[in-house]
1. Enter the per residue convex hull volume of chain B, computed from alpha-carbon coordinates, in Å³ rounded to the nearest integer.
2. With a cap of 14 neighbouring Cβ atoms within 10 Å, and only residues DSSP puts in a loop, list the GluC sites (Glu not before Pro) found in region B:8-101.
3. Compute the Rg/Rh shape ratio of chain A: radius of gyration over Kirkwood radius, all on alpha-carbon atoms.
4. Where does the charge balance sit around A:R185 when Lys and Arg score +1, Asp and Glu -1, over other residues with C-beta under 14 Å from its C-beta?
5. Where Lys and Arg each count +1 and Asp and Glu each count -1, what net charge lies around B:A274 among other residues with Cβ under 13 Å from its Cβ?
6. Calculate, for A:L299 and B:A111, the FRET efficiency according to 1/(1 + (r/R0)^6) with r their C-beta to C-beta distance and R0 51 Å; round to the nearest 0.05.
7. If you take the beta carbon distance between A:D98 and A:S136 as r and set R0 to 51 Å, what does 1/(1 + (r/R0)^6) give as a FRET efficiency, to the nearest 0.05?
8. Could you give the size of the charge dipole of region B:2-218 about its Cα centre, using +1 on the Cβ of each K and R and -1 on the Cβ of each D and E, expressed in debye and rounded to the nearest 20?
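Just so it is clear, none of the values below were taken in a lab; they were calculated from the coordinates. Everything numeric in this text was worked out from a predicted model, so none of it was measured. For neighbour counting, all protein chains shown are included, and Cβ atoms are generated from backbone atoms with ideal geometry for every residue, glycine included.
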Amino acid sequence: MSNTTRPVHTAPTFAQSVWLVSNREITARLRSKSFLIATGILLLISVASVVVGSLLSQNESLTKVAVVGTAISVVEQTEAFDIVESDTVKEAEALVRDGTVDAAVVPSDGADSLLGITVIGLDSTPSEVLGTLSVSPDLKILEPASQDGFLAYLVAIGFGIIFLMSATTFGATIAQSVVEEKQTRIVEILMSTISVRALLAGKVLGNSLMAFGQIVAIGLLVSVGLAVTGQRVLLADVGPAIVWFAAFFAFGFVLLAALYAATASMVSRQEDVGSATSPVLFLVMIPYFLVVFFNDNPLVLAIMSYVPFSAPVGMPVRIFLGQAEWWEPVLSLIVLVLSTMVVILIGSRIYSNALLRMGARVSLREALHR
Amino acid sequence: MLDIRGVTKSYGTREVLTDVSFTVGDGCMTGFVGANGAGKTTTMRIILGVLSPDEGTVLIDSVPVTASDRRRFGYMPEERGLYPKMKVAEQLVYLARLHGLSPASARRNTADLLERLGLTERAGDTVESLSLGNQQRAQIAAALVHDPEFLVLDEPFSGLDPLAVEVVMSVLAGYAAQGAPVLFSSHQLDIVERLCDDLVIIADGEIRANGSGEALREQHSSPRFEIRTEGDTGWIRSQPGITVIDFDGDFAVFEAETDAASQAVLRHAITLGAVQTFSQQRPSLATIFKEVIA
């Protein structure tokens, strides 16, 4: 290997460096048992929640009623009952007594009966049966809720939990990987080889891809789960919200990842990562708690859906509830992308200033200076 | 040729490097010697571009170093670090790829180096599972895996057993023999003495001495001579221009005012009988070091 025969290697471009770094991050993640187990559990929980939901809804089977004679025409119209035909009123009453049916519907004796039927209950008024068979006045609701309140609550919390879990898992991962490089001092070799920006970009990209992959996997599993368990109606409602959630998450996580990397770079030991990144954790927790407590408050949701940290949860919930105009998610996404860019600039400044400072925690002022 | 010119660096109000200038010649093993905190690591980080100097430049063949030039450097930082949970070979391939090697040549260089450093059997082990000595070898491999044209190594021998020291010394000497400038720091002055062509001595952020080891010895050698003869050497005391420092029958150490005076002693000794040794006392590196930084 004299000077003349020494191979000349062309320097990789910025993009190539970023790609190499992010590949390493992804491989390291996939090799880590704790990561695989955590992901498995998260996916399992998502599938389980869909399956359990479907089982619960199937339990709402049709009410069984015994029907005698001409009453059948009235009962069949409602399509709301599991009908057991009986020959006599006596027989029907016996079925009610032994609990085979919840109620019996028989033709009325009196000629002045409006509907021409009598409902027979065991020990209390079978209000469900009565309600279905009653004649109601015309009804007009001025502002109909597009979604059932309890379902909206579940969906809101679902988005909140998934965002919280993914963001904190991958945020902590990226923070640890920054400090690992700093603590083992391999960062000196890396800094002498590629630019600090490429290093940061690669780390953020690699971990964001993993986090996004996880979100997409959860979204697909839940969608497939809803379709398979026959909850197509729900899928049609939640589907668009899931797609928007994924889009918001993609950018929202990059923002958080840059913050996690920057704050972690200010400390030198794994023990200090927790306290250094706690302000970011706080930012992640806020949307979760807001959505748990205020998911029925349109004003809070509207504000949430524009604040960059909470938009990934706030906007999809509003979309699901039908509260958002078509342009609102687009505008909010633009706000999010712009703030992500600003945060990356500030974050990379902190990162490159703090990376070589070992020992005591670097103060934010020092990290931002020079 | 690597040329460090007028480099000054301060942390806050504390100046850690003051007008540091020296060169590392092609094919030259240059030892960088100084006490803890003298500024060796800071200087090396500046050469590698990990830190930027307040003033001064680093030149390669009279041209300022650019970021892409720095990929041609092999660097071993003072505090060792590789990814603890990554396999040795994968890690080396990764570092080589970051330096711009193709996947094939990265793998080839890795296999090659592990072989030379006796780590082939550990290629698939994670770094954290290696013994300290083997971690150190892996670290050296990390500095060499991308065919660097310049080597800057901070304490490459610390923590190595004597056998490993020999292996690493021969690898580094091989690099220098192929024409690469090699700069390394070490506290083990005996190794520096054996290995280095040139020496740079730094203290309190200033270069105190700099040049070929031979020239430094010349510069710092005292006018002291040793002589051992068959007979008694007491007669030397009465020689003109001579001061005897130590005397023990057939052995004497003396200082001569001039070269001629010392030669006169030798000539006279030969007329008296056989002279077994006659030599000028050469200062050890440790002596020069103490003298220079005092």
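1. Working: hull volume 48.2 nm³, N = 294.
For chain B, the hull spanned by Cα atoms encloses 164 Å³ per residue.
2. Working: sites: B:E15, B:E55, B:E78, B:E79, B:E90; in loops: B:E78, B:E79.
In loop regions of region B:8-101 (DSSP not H, G, I, E or B), the sparsely surrounded GluC sites (Glu not before Pro) are B:E79.
3. Working: Rg = 30.1 Å, Rh = 24.8 Å.
The Rg/Rh ratio comes out at 1.21.
4. On the way: positive: A:K182, A:R269, A:R357, B:R45, B:R80; negative: A:E180, A:E181, A:E188, B:E78, B:E79, B:D154, B:E155.
Summing Lys/Arg as +1 and Asp/Glu as -1 gives -2.
5. On the way: positive: B:R228; negative: B:E230, B:D250.
Value of the local net charge: -1.
6. Working: r = 65 Å, r/R0 = 1.27.
Efficiency, rounded to the nearest 0.05: 0.20.
7. Values: r = 32 Å, r/R0 = 0.63.
Rounded to the nearest 0.05, the efficiency is 0.95.
8. On the way: 20 positive and 30 negative charges, 157 e Å.
Here region B:2-218 has a charge dipole of around 760 debye.
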